[in-house]
Amino acid sequence: MVSRWGLAAFERSYLMTFKRCTKCELDKPLSDFKKDSSRHCGSCIREQHRTLHARHREREPVKWLLTHTRCRAKSKNVPFTLTAADISIPEFCPVLGIPLRCKTGGGMAADDSPSLDRFIPELGYVPGNVEVISNRANRIKSNASADEVEKVALWMRARGAPACEREDSDACA
């Protein structure tokens with residue numbers, strides 16, 4: 001039998017190490033909260049940030065591209081002098097011909113999301129050196145030269161790779 005003192009001590013220790021998140025209404029360890037004054041746990045805060053991030057990307061795609069490109073330029077230590085007037089998001093990707101949509105797929109940029117491509121990476125993000133293409137085209141291009149991309153295409157065709165494997169691609173129509 002547990003004495004009332006033992007139970008009270010247990011309750012006090014539980015309350016001192018756990019806290020209830022007001023968003024998900026679960027008791028979680030204090031380590032899941034950023035500050036003692038936080039009402040929401042880290043998981044709920046991250047989910048809220050993901051939702052706001054996706055909404056911002058969909059509502060103001062040019063501003064979103066500028067913000068994230070500026071951060072990328074800073075981390076790569078390359079020049080960044082772009083303004084909103086320098087960026088125009090076309091309806092279709094100029095490389096693959098797929099429609100560009102300003103949305104996120106599960107928190108990440110989808111294949112048909114607009115992406116800024118640098119023609120000459122060393123010059124950085126400056127007017128005249130960037131173009132908006134699809135995220136898929138930019139990933140395909142990545143660090144490859146035009147000759148390397150062409151060689152890969154020739155190699156794929158020589159081995160009988162289908163012209164289009166993806167059912168959802170409008171570029172193959």
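Identify the residue in the range 114-142 that is over 18 Å from Pro79 (Cα atoms) and either touching a Pro at 6+ places or on another chain (Cβ under 8 Å) or not assigned by TED's automatic domain parsing to the domain that holds Thr67 (or both) and, among all such residues, is surrounded by the most Cβ atoms within 10 Å (Cβ to Cβ). Filtering the range 114-142 for residues that are over 18 Å from Pro79 (Cα atoms) and either touching a Pro at 6+ places or on another chain (Cβ under 8 Å) or not assigned by TED's automatic domain parsing to the domain that holds Thr67 (or both), the one surrounded by the most Cβ atoms within 10 Å (Cβ to Cβ) comes out as Ser134. Note on the range 42-72: residues that are modelled with pLDDT under 85, among the polar types (S, T, N, Q) and either surrounded by 14 or more Cβ atoms within 10 Å (Cβ to Cβ) or not in a helix (DSSP H, G or I) (or both) total 0. Close Cβ contacts (under 8 Å, 6 or more residues apart or on different chains) running from residues in the range 74-92 that are touching a residue at least 12 places away in the same chain (Cβ under 8 Å) to residues that are exposed (fewer than 12 other Cβ atoms within 10 Å of the Cβ) comprise Val78/Glu122; Phe80/Lys74; Thr81/Pro127; Leu82/Pro127; Asp86/Pro127. Please verify whether Asp111 is touching a residue at least 12 places away in the same chain (Cβ under 8 Å) and either of a type in the set (A, V, I, L, M, F, W, C) or more than 18 Å from Ala73 (Cα to Cα) (or both), treating the condition exactly as stated. When the stated conditions are applied, Asp111 passes them.
Residues of the range 98-134 that are of a type outside the set (Val, Ile, Thr), assigned to a loop (DSSP other than H, G, I, E, B), out of contact with any Asp or Glu (no Cβ under 7 Å at 6 or more places or on another chain) and at pLDDT 90 or above: Gly124, Gly128, Asn129. Here the range 147-173 is the region considered, the condition is being at pLDDT below 85 and among the small types (Gly, Ala, Ser), and the residue that is nearest to Ala109 (Cα to Cα) is Ser169.
The values are calculated or read from the model by the stated rules, or taken from the named source; none is laboratory data. What you see is a predicted model; the values in this text were computed from it and never measured. Backbone-built Cβ (ideal geometry, glycine too); neighbour counts: all protein chains shown.
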